[in-house]
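What follows is calculated from the coordinates using simple rules that are stated; it is not laboratory data. The structure presented is a predicted model; accordingly, all values stated were derived computationally and were not measured. Backbone-built Cβ (ideal geometry, glycine too); neighbour counts: all protein chains shown.
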Amino acid sequence: MPRDPHPRAPGAEVGITEEMIHDLVHTFYARVRRDPLIGPIFNARIDDWPAHLEKLCAFWSSVTLMTGRYKGTPMKAHAELPDIAPAHFERWLALFQATAVSRCPSDAAQVFVDRANRIGASLQLGIALHRGEAIVPPMRFGEAQ
Ligand code: HEM
């Protein structure tokens with residue numbers, strides 16, 4: 001159920017609307033599904049595309065308009081993908097940027113791309129931590145002088 005954008009939401013002042021989000025999400029995932037690198041990962045995992053697209057519209061509405069429509073755990077969803085790697089994020093972000101630039105006014109595209117980059121970085125860090133790959137400095141206790 002759409003809710004009004006928060007007046008201080010990052011997308012509100014650049015004119016992002018639910019219609020714009022719908023168009024961006026649907027165009028983007030149509031491209032993702034045809035992409036030879038990342039398409040197979042999505043096609044193997046997602047059975048119900050209309051439900052996935054509805055969820056992603058709610059996600060971008062929450063991120064850019066602060067409507068609180070998305071309730072989910074993206075970190076968990078991605079940490080559970082066994083083969084996901086930095087090259088997939090690069091391709092995802094390149095496709096997302098190209099789609100945002102081609103479908104949205106430039107101020108709005110910038111907000112989408114900025115948020116996608118930040119979320120992509122935090123998802124990749126989360127995945128690395130989940131796999132025990134991130135370097136965490138060792139901590140020593142009881143030796144302070
Ligand atoms: C900034 C980059 C990305 C963002 C913002 C993003 C966002 C999301 C969100 C919000 C979901 C729904 C999670 C849920 O509530 O169920 C999702 C699911 C998913 N994402 Fe991403 N994603 C990104 C990158 C990627 C990449 C690089 C891949 C793999 C190539 C990927 C593959 C998937 C798959 C397969 C699902 C469905 C998981 C499932 O339902 O089992 N995502 N993504």
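Got a sec? Charge dipole of the chain, +1 on Cβ for Lys and Arg, -1 for Asp and Glu; which of Ala94, Thr17, Thr73 is way out at the positive end?
Farthest towards the positive end: Thr73.
Run the numbers on segment 18-130 and let me know its relative contact order in percent, using alpha-carbon pairs under 8 Å that are six or more apart.
30
To the nearest Å, what is the center-to-center distance of segment 74-145 and segment 16-51, using C-alpha atoms only?
18
I'd like to know which of Ala108, Ile119, Val63 lies farthest towards the positive end of the charge dipole of the chain, counting +1 on Cβ of Lys and Arg and -1 on Cβ of Asp and Glu.
Checked the options; the winner is Ile119.
Mind putting a number on the dipole of the chain about its Cα centre? Charges go on the C-beta only, +1 for Lys and Arg and -1 for Asp and Glu, and I need it in Debye to the nearest 20.
The dipole magnitude comes to about 160 debye.
Going by C-beta contacts inside 10 Å, put Lys55, Lys71 in order with the fewest on the left.
Fewest-to-most ranking of Lys55, Lys71: Lys71, Lys55.
What is the Cα convex hull volume of the chain when expressed per residue in Å³?
154
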